[in-house]
């Protein structure tokens, strides 16, 4: 199984980029974040024409997540992260595909901080950690893929100097990610590239970040023990970020036998 996660940053605006990448890379399963589309605005007909079935949760203007599959329709198990029944933000969807349980997530950015957005980020991370603990012990391969909006270490960013105050680098954000990993999850990119620095997954639109290769690693694919045993490769489709009209993220992919 070739599985990828891709923060598309507007699924309708970037639809030509998405379809071109799907045709070129031929991933079996794709987790998308930042759809920026309601349920009815999701381009299901175009995705279907590209031979992918889809399950999604949309939201007006912001957020939104989806799981695409060309190896069988995703069997949805959750459309919201547990722990707060009144949370209206579309940031999590979970589905089984071909014997693998996949959680697609878009963790809150948390800026500006301090303030309610940062508090929400940490509370959402706590909910994710609680749910992930139950998923890890599932008697099946489990993948948690998405935009985690955390730079886990200083080795995961080109330079920390201009990001010191950003929510992505705060000790609380990093501690939450570490607590998640401490459950036993394998960071697939770090497993594939154990030496610093790993491949970047995000380049801001500002200050010519792409041209300068001023990147960050904030998109992660985490594997439970059964999934980690099947990991054979992982990488970043970096060239996708350089295309005209591209998202500010590049797809991260893993290969499972």
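For (1) more than 24 Å from residue 126 (Cα to Cα); (2) modelled with pLDDT of 95 or more; (3) surrounded by fewer than 21 Cβ atoms within 10 Å (Cβ to Cβ); (4) within 14 Å of the chain's Cα centre (by Cα), each residue gets a yes or a no:
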| residue | (1), (2), (3), (4) |
| --- | --- |
| 150 | no, yes, no, yes |
| 167 | no, yes, no, no |
| 181 | no, yes, yes, no |
| 192 | yes, yes, yes, no |
| 203 | yes, yes, no, no |
| 213 | yes, yes, yes, no |
| 217 | no, yes, no, yes |
| 236 | yes, yes, no, yes |
| 239 | yes, yes, yes, no |
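Just to verify a result, which residue in the stretch 66-90, among those that are out of contact with any helix residue (DSSP H, G or I) (no Cβ under 9 Å at 6 or more places or on another chain) and in a strand (DSSP E or B), is surrounded by the most Cβ atoms within 10 Å (Cβ to Cβ)?
Looking at the filtered set, the residue picked out is 67.
Can you find a residue that is within 27 Å of residue 244 (Cα to Cα) and assigned to a loop (DSSP other than H, G, I, E, B) anywhere in the stretch 168-182? Give the steps one after another, and end with the answer.
Start the filter on the stretch 168-182 by keeping residues that are within 27 Å of residue 244 (Cα to Cα), which leaves 168.
Those still in the list that are assigned to a loop (DSSP other than H, G, I, E, B) too: none.
No, that holds for no residue.
Select from the stretch 106-127 the residues that are in a helix (DSSP H, G or I), in contact (Cβ under 8 Å) with a residue 12 or more places away in the chain and surrounded by fewer than 23 Cβ atoms within 10 Å (Cβ to Cβ) and list them in ascending order.
Once the filter is applied, which keeps residues that are in a helix (DSSP H, G or I), in contact (Cβ under 8 Å) with a residue 12 or more places away in the chain and surrounded by fewer than 23 Cβ atoms within 10 Å (Cβ to Cβ), the stretch 106-127 yields 117, 118, 120, 122, 123, 126, 127.
Could you tell me how many of the residues in the stretch 94-105 are more than 18 Å from residue 180 (Cβ to Cβ) and either assigned to a helix (DSSP H, G or I) or touching a strand residue (DSSP E or B) at 6+ places or on another chain (Cβ under 7 Å) (or both)?
Adding up the residues that qualify gives 4.
The values are calculated or read from the model by the stated rules, or taken from the named source; none is laboratory data. Fair warning: this is a prediction, and the values are worked out from it, not measured in the lab. Cβ sites come from the backbone with ideal geometry, for glycine too, and all protein chains shown count toward neighbours.
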